[in-house]
Every structure is written in C-alpha cells, then in structure tokens.
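*Asks:* Starting off with a structure, shown below.
The values are calculated or read from the model by the stated rules, or taken from the named source; none is laboratory data. Note that the structure is predicted; figures quoted are calculated from it, not measured. Heads up, the Cβs are rebuilt from the backbone with ideal geometry, glycines too, and the neighbour counts pull from every protein chain shown.
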Amino acid sequence: MRKFLTLLLAIGFFQTGHGAAEPTPEEAPAPPEQKGSVVRVNSTNQAYDFFRPWNKEAPFSRRGMGVLIDGGNILVTAELVANNDYIELERADSGEKATATVQVIDYEANLAILHSTDPKFLEGMQPLQITTDVKAGDEVEVLQLESNGTPVSTKALVTTVEVGRYALEDSGYLMFRMSCPLQFRENSFTLPIVKGKKLAAFLMRYDSRSQTIDAIAGPVIQHFLVESQHQPYRGFPRAGMGFSPTRDPQLRRYLKLQDTDGGVYINQVDQGGPAAKAGIQEGDVLVAIAHTQVDPDGNYLHPVYGKLSITHLTTTEAYSGQSLMMTVIRNGDRRQLRIELFRKPVEGYAIEPYTIGKPPRYYILGGLVFQELTRQYLREWGANWLKDAPQRLVYYDRFQSDLFPDGRKIIILTQILPTEDTVGYEQLNNLVVTKLNGRKLQNLEEFAEAAKNPMGGFHKIEFEEDPREIYLDAQQVQEDAAQLQKTYSIPELRHL
Amino acid sequence: MIPRVALVTFFFLVANAIAQIPKGVEIRKSLVRITTTSQEPDYKVPWNPGSMSVGVGAGFVIDGDRILTNAHVVSNASFIVVEKEDDPQHYPATVQFIGHDCDLAVLRVLDKSFFQNTRPLTTGGIPAIESPVSVYGYPIGGERLSVTRGIISRIDFQVYSHSGIDSHLAVQIDAAINPGNSGGPVMQDGKVVGVAFQGYSGDVAQNVGYMIPTPVIRRFLKDISNGRYDGYVDLSLTYFKLVNPAERRALGLPDNEQGVMVSSVSTAGCSYGVLQQGDVLLTIDNLPIASDGFVQLDGERVEMPEIVERKFKGDKVKLDILRDKKKQTVELQLTGNWPYLMQANHYDSPPRFVLFGGLVFQPLSKNFMDAYQVEDMRLRYHYNFFVTDEIYRTHPEVIVLSNILPDPVNAYLADLRFQIVDDINNKKIGTLEDMANAFAQKCDYYVIHFVGSARPAVLERSAVERARDRIIGNYNVQKEQFVEGGLLK
C-alpha cells in the first residue's frame, strides 16, 4: 500500500536497460557542429513522502541530456529535475563536471531551464536554435551520447502531430509522435531531437515495444523560452472551459446551428477562469477563436499541421496576458467575447493536481495528522490509486471543478499517531474535516487559526462522515506535544 | 478475515434427479426435496425473460402444512416441485412467504395429501458451542438423503450472502455441508436448531458452514403470522463508541463506561426527527448500553442492534439519551430503511427500465452493478455512497443511461453511456417513473441533462418515432419499459 510511484514516471520508458548499445544501421555519428551543444545532466531527486509528510523518500537519480540555448543556459525536461536535491552537468567531450540550479521550471509543459554555477563551464559550446518547422512525414534525428562521450544520432520519422497528454494527466499540448528504433543509453531520460542543426523537439516518452516516441514539440519549447523571459514566469495559459462535439444533427437543430457554423458545445466553465470572466457560459457554442473557424469536433485548420485541436490556439499559440476574440452562439445569436488568457496556478485548485518541489502541508494535533488533500497524496496508493485510494477522495479529486468550484482546500484527517490522547480513535483515517472548534475551514491556515481557540477546554473536530465529531483535551494535547514529537521522531508538528 | 465474497449458498444446480427412499431414518417423515426451475433476469437485456436453470435444495415440514426452506432455494422460481422420502410422486408447490433479508421462505403445496404421514418439526434453542448437530439435505455426491455430523464452532453476526447486505445472527458448524444442503434442517435432540444456508467455497476455508439459528427462524415465522412479511426493522442510525476520556468529558459523561454517540441518522428511517447527531444513547429498553455498544441480554453480551433485530414493524423501542448534557427519554416506532436495499441483491421481479430512442435507462442497483461491472467513477460514487451521503434525497432512484442500441437516432450519443440523468426538458428526474412520464409528454425535443458537466443528449420526437419500429425489430425488444415496483414506496 505504501509503494511510491513518482508523479512523473513515464510509462514504459526504457524499461529494459541494456548497457552500452551497438549502433544500428540507422545510427550515424552526429555532425561535428552538434557535438558542442549538448551536455549530460545528472539529477539526484528526492520526493516527499505524503504518508509521512515530514519525511522525504529515498533519493534516486535520473540521467538525461540537456541542450545549450541562447543566453548560456541548459534546456531539459522538467521531469528530469523534478524534486531535485542536486543537479550536475557533465561535458560530453571532456567529462568535466559542474553543478547547476533550476532557473525556470514548468511541470505542465514539462520543460526547465538550468543555470550552471560555473560560468566558464560551458565555454566553447555552441547554443542550439529552436525550429518550429517540423510536420508529419519529416525526418528528424534523436541525439544520444555513448558512454565515452561520442555523440550518436538515430533517425526518426514524425508520424503524427497532435495535442496529447504531457507528463501530468491534466496538461495537453502539441506533441510529435515519431517512430524510431532507439537504443537504451544511460542518459536516455531526456533526449534532444534535431532537424537541420536546430532543436525540433524533446523526447518525453519512448515505448520500446512499438518503437514510438512522444516528444515535446518545437512550438511548445518556443513558447516556454519566450515566456521564460517574462518576470515573473506566468506559464502556459488556459481558457478554463471544457467542450464537446456538436456532430449530432439533432443537437445542432436544437441549438439552432447552421451546418456551416461548425462549433463546439461548452459543457464546463471554470469558476473565475478566463472563459468565465469573458462571460462564456455553459451551453454556448464556440464557433471561432480569433476569427479561426472551429469545426464540430473542436479542431481548426493549422497552416502547417492541418487539423489540430483548438486547445493549441489557447494554450500555446497565445501567451498569458494576451486577449483573443471568441465567437459564440447563444440561443441562436452570435456574440463576440474578448477573453484574456491566464494560467490557473496549481495552488488555485481545490485539490492540487501535482505537488512537486515543495513539502506537503500538514498539521499534527495531539497525534491526529491533518493534511490538505492533493492528488500526490492519492498517488501514494500506488499504480492503481484510482481504485485503491479512498473512493470518496478519488471522486472529489476527479470532479473537483464541479464539486468545489471556489477552490477551497479539502482538509482530511489522514492518520492517527496513537497516543493516550487518541484512545478510541485509532481506526479513523482519511476523513474529510468540515470544522475545527466550530469554525468552517477553507485551508490549513484556517485550521491552524481555529486550533488556537478550543471550545471549553476541548478541540472539537467535525467530519463530513462518521463518526462526525471527536474531541481532544486541549491542555493535554499541549502537554503531550513534545513527547509525541519525540516518540514518532517528527521534526516539526506542522508545516504550512 | 476471510473475504465475504467467497460465501456461497448451498443450492445445488442439476439437470435431473430422482429421489430414493432411505430406510431407518426418522427424519424422512419431515424432510422435503425441492427442485426449482428459476429464471434469472438479465439486467443487460432487461426485456428478456432471462436464462433458465434447475436447482435442488432441501426443506422441511413445519406446523400448519407448510414447508420451510431458504429463500435462495426458491428465488426467481418459475416452477417448484417438492418430493418426500416415502412417496414417488412430485408435487407442485408455490412460495407463500419469502424473506430475502433473512434467506427464509415458506412453501405451500397445492395437493394437501402431500402432508399425510409427514411429521412437522419444531424448533429448539441456540445450541451450545462444541455440542454435536446433524445436518440433513440433498447435497452433491449422490441422489439420496444425506446426513452429516458436526459440532457448533461459533455464534456470531454474519452477512447473509443471499441479499449480500443484511447481517444477522448465524451459527458456524464444522459439518460437511455442500451445495444441495441449503434449506435442510440442522437437528439436535430431535429439534431443529438451524437451517443450513451458506459457507465458504473449499478453496477459501474448509469445514466452515453456516446455519440460520432459531431466533431468526422464529422471527420470520412470527412476522408472517399476520399474512404479510414486513422484514427487519432498523434504528437507521450509526453510532460511535465512546471510549476516549476527553470525548466523554466533552459530552458531559461520567467515567462509567456507558453510552455511545449517534453519528448519523438516516432521513429515511424511524429515528429521523427524534434522534440527532451528537445524542448519546444511554439505555435501550432499560438495558444499559456500554461504551463499546454492547448490552447485557439474557446473560449474554450482545451488540445493541440485536435488541431491535428481534422486533417487528410498528414495535416500539425506548431509549434514554443525553442531549446537550441533559437526560431525555425517547420512544421510536420501528420501521425498515429502504435506501440500503439499493445495495442488496434483488429477486422475484423483472429489471425495471425505460427504452427511448434506443437509449436504455435503468435505476442503479446491486444487480445493475453486477451485470455491467461499471468503472465509471461518478456512477461508483453514487452507488457506494447512496446511503451515507443521502443521495436518495435528491435521487430516490439514480437513473443511468445504461445501454445504447445503436441506430441513426443515437449515432452520436455513445460517449454518454453510464451518465446519470439529472433532468429532461428541465424537469428533475428522481425516479424511473419520472423518466417514463417525461418521455410520455409530447415535445419536439427531449433534452436530457446529466449530473455533472457532460453535454446534454438531444432527441427529436420525430426522429425517435421514425426509429421506434426499426429498433424494436432489429433488437427483438419484447417491451419498451417496465416501471412498476421499486424500493421507494
């Protein structure tokens, strides 16, 4: 039950580790120009243990490749350096090493910029330019390094260009799918993919059975690099709405749509999101974005890629802070609505879809451990967390935008550290807390505030489910705190 | 603990079998062999009559020319035949009363001559642990009456697997009981001390069989004595043991190991409006309730609900409670609690459904979930938390778009399968009847909204009417709806 699955583990990614590989016919030594553009990146990462939120899991290392970009920085995937304690760069030619820090990281777009702590370390290397000129049918090259530092490139064919799922299940951006017979090498976690000496994509997943690559597409890299110049980094925007097709002729007639209208049915609008602020409502039919026609399946015609999901328009083609004109049909009338795009920060979700690079928040009161519900907590149940984790909590996570549109946090009693104060409560776990000492709770800060005001000498804790309420002796809790901390070796009884 | 799923009922499915007459066994004047032809409804094709099967179980003669057996021996029966040991004749029988919550049934035989030369059995008490018993029936392994012996291993509350949700007293015995023993008497000193009914399959546990003890049997027979089976009654509340000293002090309780706290009160049960969350239950029918929820009854420590287990619909129960630290006495008139039956196995009635435009709508139920094995998270939540989150208050029946018979009229609706209906043309849907009524209205469009943020399904009346005969013909639909019945009375 306590098996930890890292949030970012790519499915089927190089499961079979052959050591150094023999070159296959498709492989050829890379042109010398590219030799000086890539470095090895070794990252030692350590995730927090959400079942023991005051602890970290055992450290592990990931080895990938980074690309030197303009400005003397190194571009890698965010997965490679997620939850890092220590990042090391290694020159392919000389084997020299230097440490690096994360300058900008975007877990949703799965990209990060690293900065070398030794300014001279990258001297003599050549930065790679980014190209967005790749389409289905093009041939590209995947770069790898032999253990002796010799660069190797493998030809890959771009088969599909589409909006697909990135490392986190909620984020979808432009993705290149490629077919490619790739060999495992020890730095294979992140691999640059080039076309004509320019960076075209970043390998994100490789399925060795079907020999297919899912890659972060050039336009996404481009967007990330442009946005990284902005202070503060604002991330990839989202429109904050869900849509479904309008192919059904009965639906179209009911919505009074012309056959030429195209359009998608807006079935969900995030409270406080860009679409909501623009006045878009559930039931509207979105027919155009910035004068680009939307077809009944939610695609538009991209000049290079052909049919593409409109998600690409609002997340990648447009930047945070930018406005777009959306045309909707409501009750048969056309309306133009101006939508200002922005990203919803991960902290803005009721249940954080990911918690990376920061410790989980918790509050221990007399042996009762309280935490804000996060998806990372649910993932602690392992690969089958959707079925194995407490079903009410999984349901809350899955339908959080319907259930908790205001984004208030869900506080749960996660477990009991048995003490004399908790006699009779040992079996309680994973209960949703509604009130502490009579006060409704929006987040753990409010919980901490409410804990300062016990009622008649008791902490009264109320739950959404049975047993509905329990009590702790406030005086006793205070007196036993030091002993509790000692018994269970907890460095701090709270982290907010 | 052994998983509850492994519990199997001892009902023996066979092709055909002929009774033989064993000699020298006194029980032969009382034992009955029951052969049932049953039709199990198909929840995936709800208009079909379902698949037929034949099974053999046991029963025994009781006073008043009746036969007592397990409910599961005669559930979903379309034809029942009974035989007795010294008579080659087969007698058709019918179910007079059936209690699915306690897995007992009483049969009548149309031909009264069946009961000539039979000897009704009488019931005894709860046998002592380690005392020997004999089990009679027609288990697998031969055709004739079989007897096995064992001892009483344990007396405890158990889930009765026939309904899958009800827990009553059950007695564990180590005699070999097998499919075909179901409904047979378990005897001690010439009296019935139980009815063999369930056990674990051999790959889970050996020599673990269960019988329904006489308090449950007597309760059933008394319940039906007014000509109707009302079933078990319930306090319809949950409670929390008051063991924690701080909690006891906070609630104003002395340190006397007495009292449990009411955690929740079902709005569909008899405690609603009388008891409330936070009340401390001190006594039940003047018996002190210990802080762990047990009471002392007839020299035995039993869990508090056992007091109510022995009562009947309309009976009263008296409770001393502590509310806001003040003592009060309340009286409850006991009733059943219908919402939990949604999670119980159902028998003896065809699946309820409405078919419209090739869309099949069915109320969520245990049988539904077993048939469809749904993974949909919203649906699973509505099923698992129907009672605890009181979903029944807004959706007495959770109506699901369970199946789609593909046709041009519904060609673009496939992705809406397993959505839960919220309203039709902005009229809220709480029951299957609401659903049938909404479709009976003449409208140009039927706009079906679902719970959550799925898009609506839109059906044009003209298109549905054009598709109707085509769908009925193509899919051999026997009838387009069956709405009667349901849990909500």
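*Asks:* When only residues in the stretch A:439-468 that are over 11 Å from residue A:365 (Cα atoms) and over 36 Å from the mean Cα position of the chain (by Cα) count, which is surrounded by the fewest Cβ atoms within 10 Å (Cβ to Cβ)?
*Replies:* So the residue we want is A:456.
*Asks:* Listed residues A:123, A:141; which is charged (D, E, K, R) and crowded, with 19+ Cβ neighbours inside 10 Å?
*Replies:* A:141
*Asks:* Same structure, new question: Only one of (1) buried (at least 21 other Cβ atoms within 10 Å of the Cβ); (2) more than 14 Å from chain B (Cβ to nearest Cβ); (3) outside any helix (DSSP H, G or I) is not met by residue A:295, so which one is it?
*Replies:* (1) is the only condition that residue A:295 fails.
*Asks:* Being assigned by TED's automatic domain parsing to the domain that holds residue B:465 and touching a His at 6+ places or on another chain (Cβ under 6 Å) narrows it down to one residue among B:444, B:407, B:415, B:422; which is it?
*Replies:* The match here is B:422.
*Asks:* Now, a different point. Out of the residues in the stretch B:402-411 that are surrounded by 21 or more Cβ atoms within 10 Å (Cβ to Cβ) and touching a helix residue (DSSP H, G or I) at 6+ places or on another chain (Cβ under 7 Å), state the one that is nearest to the other protein chains (Cβ to nearest Cβ).
*Replies:* B:409
*Asks:* A further question follows. Identify, please: which residue in the stretch A:211-261 is out of contact with any Cys (no Cβ under 7 Å at 6 or more places or on another chain), assigned to a strand (DSSP E or B) and more than 13 Å from chain B (Cβ to nearest Cβ) and is, among those, farthest from residue A:183 (Cα to Cα)?
*Replies:* Residue satisfying both the conditions and the ranking: A:238.
*Asks:* State all residues of the stretch A:50-83 that are under 30 Å from residue A:417 (Cα atoms), over 18 Å from the mean Cα position of the chain (by Cα) and in a loop (DSSP other than H, G, I, E, B); if no residue qualifies, say none.
*Replies:* Matches in the stretch A:50-83: A:51, A:52, A:53, A:54, A:55, A:57, A:58, A:59.
*Asks:* Same structure again: Those residues that are of a type outside the set (Gly, Ala, Ser) and either in a loop (DSSP other than H, G, I, E, B) or buried (at least 22 other Cβ atoms within 10 Å of the Cβ) (or both), I need them from the stretch B:218-233; list them, please.
*Replies:* Result: B:220, B:228, B:229, B:230, B:232, B:233.
*Asks:* Among the candidates B:389, B:415, single out the residue that is surrounded by fewer than 18 Cβ atoms within 10 Å (Cβ to Cβ), within 11 Å of another protein chain (Cβ to nearest Cβ) and part of a helix (DSSP H, G or I).
*Replies:* B:415
*Asks:* Let me ask another. Looking at A:175, A:204 in this structure, which one is away from chain B (no Cβ under 14 Å), crowded, with 17+ Cβ neighbours inside 10 Å, in a strand (DSSP E or B) and modelled with pLDDT of 95 or more?
*Replies:* The unique qualifying residue is A:175.
*Asks:* Looking only at residues that are outside any loop (DSSP other than H, G, I, E, B) and within 9 Å of chain B (Cβ to nearest Cβ) in the stretch A:397-430, which one is farthest from residue B:450 (Cα to Cα)?
*Replies:* Going through the qualifying residues, I end up with A:420.
*Asks:* Could you count how many residues in the stretch B:110-137 are in contact (Cβ under 8 Å) with a residue 12 or more places away in the chain, in a loop (DSSP other than H, G, I, E, B) and farther than 20 Å from residue B:217 by Cβ?
*Replies:* 4
*Asks:* Is the stretch B:429-441 home to any residue that is away from chain A (no Cβ under 14 Å), touching a strand residue (DSSP E or B) at 6+ places or on another chain (Cβ under 7 Å), assigned to a loop (DSSP other than H, G, I, E, B) and surrounded by 19 or more Cβ atoms within 10 Å (Cβ to Cβ)?
*Replies:* Yes: the stretch B:429-441 contains one or more residues that are away from chain A (no Cβ under 14 Å), touching a strand residue (DSSP E or B) at 6+ places or on another chain (Cβ under 7 Å), assigned to a loop (DSSP other than H, G, I, E, B) and surrounded by 19 or more Cβ atoms within 10 Å (Cβ to Cβ).
*Asks:* Within the stretch A:337-354, is even one residue over 15 Å from the mean Cα position of the chain (by Cα), under 19 Å from residue A:442 (Cα atoms) and not β-branched (Val, Ile, Thr)?
*Replies:* Yes; the residues of the stretch A:337-354 include at least one that is over 15 Å from the mean Cα position of the chain (by Cα), under 19 Å from residue A:442 (Cα atoms) and not β-branched (Val, Ile, Thr).
*Asks:* Taking strands (runs of 3 or more DSSP E) that fall entirely within the stretch B:269-344, which contain at least 1 residues that are away from chain A (no Cβ under 14 Å), exposed (fewer than 15 other Cβ atoms within 10 Å of the Cβ) and without any contact (Cβ under 8 Å) to a residue 40 or more places away in the chain?
*Replies:* In the stretch B:269-344, the matching strands (runs of 3 or more DSSP E) lie at B:294-297, B:300-303, B:316-323, B:326-333.
*Asks:* Right, residue B:356: aromatic (Phe, Trp, Tyr), more than 30 Å from residue A:393 (Cα to Cα) and crowded, with 21+ Cβ neighbours inside 10 Å or not?
*Replies:* Spelling it out, residue B:356 is indeed aromatic (Phe, Trp, Tyr), more than 30 Å from residue A:393 (Cα to Cα) and crowded, with 21+ Cβ neighbours inside 10 Å.
*Asks:* Considering only residues of the stretch A:97-116 that are in a loop (DSSP other than H, G, I, E, B) and touching a Leu at 6+ places or on another chain (Cβ under 9 Å), which is farthest from residue A:161 (Cα to Cα)?
*Replies:* Taking the candidates together, the pick is A:107.
*Asks:* Name the single residue, out of those in the stretch A:323-372 being touching a residue at least 24 places away in the same chain (Cβ under 8 Å) and among the polar types (S, T, N, Q), that is farthest from residue A:274 (Cα to Cα).
*Replies:* For the stretch A:323-372, the residue satisfying everything is A:371.
*Asks:* Further question: Between residues in the stretch B:230-251 that are facing chain A (nearest Cβ under 7 Å) and free of Cβ contacts under 8 Å to residues at least 24 places away in the same chain and residues that are buried (at least 19 other Cβ atoms within 10 Å of the Cβ) and among the aromatic types (Phe, Trp, Tyr), which pairs lie under 7 Å by C-beta distance while being six or more apart or on different chains?
*Replies:* Qualifying pairs under 7 Å: B:244/A:425; B:246/A:458; B:246/A:471; B:247/A:471; B:250/A:458; B:250/A:471.
*Asks:* Residues that are facing chain B (nearest Cβ under 9 Å) and at pLDDT 95 or above: does the stretch A:431-450 have at least one?
*Replies:* No; the residues of the stretch A:431-450 include none that is facing chain B (nearest Cβ under 9 Å) and at pLDDT 95 or above.
Rundown of residues vs (1) modelled with pLDDT under 95; (2) not assigned by TED's automatic domain parsing to the domain that holds residue A:68, yes/no style:
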| position | (1), (2) |
| --- | --- |
| A:210 | yes, no |
| A:218 | no, no |
| A:221 | no, no |
| A:236 | no, yes |
